[in-house]
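Asks: One structure, pasted below without further comment.
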Amino acid sequence: MRYKVIDLFAGCGGLTEGFMQTGLYSEVAAVEWLKPQVDTLRHRMQTKWKEPDAEERVMHFDIQRETELFSGWKDAEFGEGKGLDYYVDEADGIDIIIGGPPCQAYSVAGRVRDENGMKDDYRNYLFEHYLQVVNRYKPRLFVFENVPGILSAAPDGTPITKHITEGFASIGYEIVDDLKLAMVNACDFGVPQNRNRIIIVGLNKKCFNNPQEILHDFYNNILPKQKVDHIKTVREAIGDLPKLMPLFDEENHKKRRSHTTPDCDISWHVPRYNNLRDMDTFRILEEDVESGRREYDSKKISELYEEKIGSKSPIHRYHVLEPDEPSTTIIAHLYKDGNRFIHYDSTQQRTITVREAARLQSFPDDFEFVGSRGNAYQMVGNAVPPLLAKAVATSIAELLKED
């Protein structure tokens, strides 16, 4: 028997992918409001996981419209849907709810950039809609993923973790009493990337005796069993892909819409446009890493930026990925530019492709992203790495088995 799952704030399906890879779960429904992400997850569920009705079960809808989310909707923006109740009733209940509200409002970097420290961002409280879905279907447990910044976020003066703890407690769920235990690094689980995340597991107190004891065992003993012996590096993740040069001819770049290159049958390994000035900047920084000189610290990189661009920048604009270490955290900003994700090879003089970013997030090569290149970069950056999700899913199954 497979555990029945709903995925909320599903994105393109990183969490779903990891859970499905275990073979232990069946996805009853998923909810996401961005159309390229919905199209991507629908495509994956149909082609890889052979779910013929994924077009309906992967719901394109706004989770904030709770009444319609449960009972169905029909409108110009989101089309028509049967609602979650229909599929939950059909499945005869739900075992697990997974997902994580958008992390931008909790991100420390986001708070620094925003003039109000993200205090006015509606996304601070999207977890309340997640909570309402949990309350309606009363699964045995839930898995709530987010950024470490959630531990320090306090948009209304009260820590958001206090709101979350008390909110779930009010509907009969308990999360671990020390949320620092819930912080994991994706690189420990086979993802070639330093990516710290908070994985909050909430237990239905009607289903579990001694929930704190079980949660401490989960974080201290069960989940660590999934850690890998070898930390995968950038070179190991992307070094076998064909070499590429940037599309520095802007006119030809604009005409080119293919998601593949003549020398590679793996989709999305296509260079983006970089002008000759950028290419020369990348080469200088790549050669600095390759040679081992390491002369370009943040101060010297800022000076290089001023020299090349003709203006000063208060922030560190460029970063070459270290080939023999895990990648830095892949972020959705990649859709705007990849200057903080420069390929380490000075003969290529470019930023990373969508497929390289996807590999650094541990997406398999047969995972197809549906939409524009910007959409694809954004999906990859916002996703939960599938290998991290798989480790969590495997551990959750062990927790349930021991219960």
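The values are calculated or read from the model by the stated rules, or taken from the named source; none is laboratory data. Quick caveat: nothing in here was measured; it's all calculated off a predicted structure. Using ideal geometry, Cβ is built from the backbone for each residue, glycine included, and neighbour counts are taken over all protein chains shown.
Asks: Looking at (1) modelled with pLDDT of 95 or more; (2) over 24 Å from residue 143 (Cβ atoms), which one does residue 86 not meet, given that it meets all the others?
Replies: Condition (2) is where residue 86 drops out.
Asks: Could you tell me whether region 301-311 includes any residue that is in contact (Cβ under 8 Å) with a residue 40 or more places away in the chain and either within 28 Å of residue 358 (Cβ to Cβ) or in a loop (DSSP other than H, G, I, E, B) (or both)?
Replies: Within region 301-311, not a single residue is in contact (Cβ under 8 Å) with a residue 40 or more places away in the chain and either within 28 Å of residue 358 (Cβ to Cβ) or in a loop (DSSP other than H, G, I, E, B) (or both).
Asks: In addition: If we keep just the residues of region 141-163 that are surrounded by fewer than 19 Cβ atoms within 10 Å (Cβ to Cβ) and of a type in the set (A, V, I, L, M), which is farthest from residue 389 (Cα to Cα)?
Replies: Ranking the candidates gives 154 first.
Asks: Answer yes or no as to whether residue 285 is under 23 Å from residue 194 (Cβ atoms), crowded, with 24+ Cβ neighbours inside 10 Å and not small (Gly, Ala, Ser).
Replies: no
Asks: For a quick check of your reading of the model, give me the residue pairs whose first member lies in region 166-185 and is under 14 Å from residue 206 (Cα atoms) and not assigned by TED's automatic domain parsing to the domain that holds residue 329, whose second is surrounded by fewer than 13 Cβ atoms within 10 Å (Cβ to Cβ) and modelled with pLDDT of 95 or more, with beta-carbon atoms closer than 8 Å and at least 6 apart or on different chains.
Replies: 172/206
Asks: Let me ask you something else. Yes or no: region 41-61 includes at least one residue that is modelled with pLDDT of 95 or more, in contact with a His (Cβ under 8 Å, 6 or more places away or on another chain) and either part of a strand (DSSP E or B) or buried (at least 24 other Cβ atoms within 10 Å of the Cβ) (or both).
Replies: No, region 41-61 contains no residue that is modelled with pLDDT of 95 or more, in contact with a His (Cβ under 8 Å, 6 or more places away or on another chain) and either part of a strand (DSSP E or B) or buried (at least 24 other Cβ atoms within 10 Å of the Cβ) (or both).
Asks: Return yes when residue 304 is surrounded by fewer than 19 Cβ atoms within 10 Å (Cβ to Cβ), within 25 Å of residue 247 (Cα to Cα) and of a type outside the set (Asp, Glu) and no when it is not.
Replies: Yes; evaluated as a whole, the condition is true for this residue.
Asks: Do you know which residues across region 62-83 are touching a Gly at 6+ places or on another chain (Cβ under 9 Å), more than 18 Å from residue 134 (Cα to Cα) and either part of a loop (DSSP other than H, G, I, E, B) or not aromatic (Phe, Trp, Tyr) (or both)?
Replies: Those that are touching a Gly at 6+ places or on another chain (Cβ under 9 Å), more than 18 Å from residue 134 (Cα to Cα) and either part of a loop (DSSP other than H, G, I, E, B) or not aromatic (Phe, Trp, Tyr) (or both): 74, 80, 81, 82.
Asks: Need pairs with beta-carbon distance below 7 Å; first residue touching a residue at least 12 places away in the same chain (Cβ under 8 Å) and in a loop (DSSP other than H, G, I, E, B) and within region 327-338, second surrounded by fewer than 23 Cβ atoms within 10 Å (Cβ to Cβ) and of a type outside the set (Val, Ile, Thr); sequence gap 6+ or separate chains.
Replies: Going by the 7 Å Cβ cut-off, the qualifying pairs are 328/194; 328/319; 329/194; 330/381; 331/381; 338/272.
Asks: Looking at region 206-231 only, could you name the residues that are assigned to a loop (DSSP other than H, G, I, E, B) and among the hydrophobic types (A, V, I, L, M, F, W, C)?
Replies: Within region 206-231, 207, 208, 228, 231 qualify.
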